[in-house]
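The values are calculated or read from the model by the stated rules, or taken from the named source; none is laboratory data. Given the structure is predicted, the values throughout are model-derived calculations rather than measurements. Cβ placement follows ideal geometry from the backbone for every residue including glycine, while neighbour counts extend to all protein chains displayed.
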Amino acid sequence: MRYSKLFGKTLRTAPKEAEAVSHKLLAKAGFIDQLAAGIYTFLPLGWRIHRKIENIIRSEMDALGGQEFSMSVLQPKNLWEETGRWKSIDPPLFVTLDRHEKEYALGPTHEEVITDLARRYIKSYKDLPFSAYQIQDKFRNELRSTGGLLRTREFFMKDLYSFHADEKDFKEFFKKSIEGYTKIFNRVGLKTLVSQASGGSIGGDITYEFQIPAPVGEDIVFFCEACGYAINRQFAEEKKIGDKCPECKGNLDQTNAIEAGQVFSLGTKYSKAMGANFVDRDGKEKPIIMGCYGIGIGRLMAAIVEVFHDAQGIIWPENVAPFAVHLVSIGASKSVTKKSEEIYKRLTKKGGEVLFDDREESPGVKLADADLIGVPERWVVSENTLKKDSVEIKKRDGKAAKLIKISTLL
Ligand SMILES: [Zn+2]
């Protein structure tokens, strides 16, 4: 991609409403654009990262046996009345009317829709277990939507739902889902605290949040360095857990954290409310046991920036970086232009993901933009480097730059 042609440019200053580092950097570097409070456009650079995170999540959901599908954003009111959540869900639903004055929710989550599917498609224990997921637009009617992508009113979420004939099968899947989630966060470069939490308005006796320690995080998590136990502060207070780890009696520390994902054991809450039953081996009709598992993609992207940045800009982990190489030509001499064009074309042809800064800007502007955007490797071509038939390569997370012979690179 030629930077001169890229839609969305770096900004000199962050939007004045931006407080979180991730909000400032993602806006300044040209990844996102705010349309209204809590509503964002992903510009091409930002969407590349979104897609990479999606694909990592997709591969781990496929590995769990999840089948990808897509449910509707518009959800009829009657389904939500069956579970009693039309009025009770928090934050409240975004509600819209069609031209016949019929009410619909813009889906914040899909338990009702998928339980309706399950009750019509799952008849027997032979149809179980079953799990399905989607990566789809969700709507949350938040009271406040500050913090950039950390708390938005519209966002893409991966939501997986699982259906089981018995508790044992559910528990095995639940354990695997936690391992799958841990892999996802590791693959995007993050360490998480797997923290016990209350089910809130989604429900469930056992739920775990995947919490990323960061000063900007709105959640407080108590955790044990010794054994890895973690619990959300609110839930710890409910359960009267003090400053000692209930698992190993070590001391509990606390941290602010960003909740980047959550898994819920739903039991039969939705299947009982909506009559989603199956006929078991013994010929008896039983409610299906369910779990649900969510990750907000934009929030995860913001959490990555909260963890990986410095004073100059973002430092993307390789697996989610928008490009692998940021190629910068310095100086307007014919030899530099010719050589950097050649490197760009050959690297791209080999399948390299290259952002080529081919603009007629000063070296200072180009190098500052490269640091702000945060591609893992910067390649500089200048008259000086060409004297040695080389490019100067610098890792975004390293200090020293190295001259490398072009012949060894292409
Ligand atoms: Zn412990």
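Results, tabulated for the structure shown:
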{"item": "Qualifying residues in region 192-206 (those that are within 14 Å of the ligand (Cβ to nearest atom) and polar (S, T, N, Q)) - the one surrounded by the most Cβ atoms within 10 Å (Cβ to Cβ)", "result": "Ser195"}
{"item": "Candidate set from region 251-309 (those that are free of Cβ contacts under 8 Å to residues at least 40 places away in the same chain and touching a strand residue (DSSP E or B) at 6+ places or on another chain (Cβ under 9 Å)); member that is nearest to Tyr40 (Cα to Cα)", "result": "Gln254"}
{"item": "Sole exception among (1) within 30 Å of Lys387 (Cβ to Cβ); (2) under 27 Å from the mean Cα position of the chain (by Cα) for Val328, by number", "result": "(2)"}
{"item": "Residue list for region 370-383, filter: surrounded by fewer than 22 Cβ atoms within 10 Å (Cβ to Cβ) and either part of a strand (DSSP E or B) or not hydroxyl-bearing (Ser, Thr, Tyr) (or both)", "result": "Asp371, Leu372, Pro376, Glu377, Glu383"}
{"item": "Which numbered condition Gly147 fails, given (1) at pLDDT below 95; (2) in contact with a strand residue (DSSP E or B) (Cβ under 9 Å, 6 or more places away or on another chain); (3) not aliphatic (A, V, I, L, M)", "result": "(2)"}
{"item": "Helices (runs of 4 or more DSSP H) contained in region 21-133 and holding at least 2 residues free of Cβ contacts under 8 Å to residues at least 60 places away in the same chain and among the β-branched types (Val, Ile, Thr)", "result": "111-121"}
{"item": "Spans of strands (runs of 3 or more DSSP E) in region 227-335 with at least 2 residues at pLDDT 95 or above and more than 16 Å from the ligand (Cβ to nearest atom)", "result": "252-267, 277-279, 285-287, 289-296, 325-329"}
{"item": "Filtered residues of region 336-352 (kept if surrounded by fewer than 16 Cβ atoms within 10 Å (Cβ to Cβ) and either in contact with a Gly (Cβ under 8 Å, 6 or more places away or on another chain) or part of a loop (DSSP other than H, G, I, E, B) (or both))", "result": "Lys350, Gly351"}
{"item": "Pick from region 29-51, criterion in contact with a helix residue (DSSP H, G or I) (Cβ under 8 Å, 6 or more places away or on another chain) and surrounded by fewer than 21 Cβ atoms within 10 Å (Cβ to Cβ), ranking: farthest from Ser340 (Cα to Cα)", "result": "Gln34"}
{"item": "Among (1) surrounded by fewer than 20 Cβ atoms within 10 Å (Cβ to Cβ); (2) in contact with a helix residue (DSSP H, G or I) (Cβ under 9 Å, 6 or more places away or on another chain); (3) within 22 Å of Arg12 (Cα to Cα) - the single one Leu386 does not satisfy", "result": "(3)"}
{"item": "Flag if Leu149 is touching a residue at least 12 places away in the same chain (Cβ under 8 Å), in contact with a helix residue (DSSP H, G or I) (Cβ under 8 Å, 6 or more places away or on another chain), within 18 Å of Gln262 (Cα to Cα) and part of a helix (DSSP H, G or I)", "result": "yes"}
{"item": "Candidate set: region 207-226, residues that are aliphatic (A, V, I, L, M) and over 26 Å from Cys292 (Cα atoms); chosen: the one farthest from the ligand (Cβ to nearest atom)", "result": "Val216"}
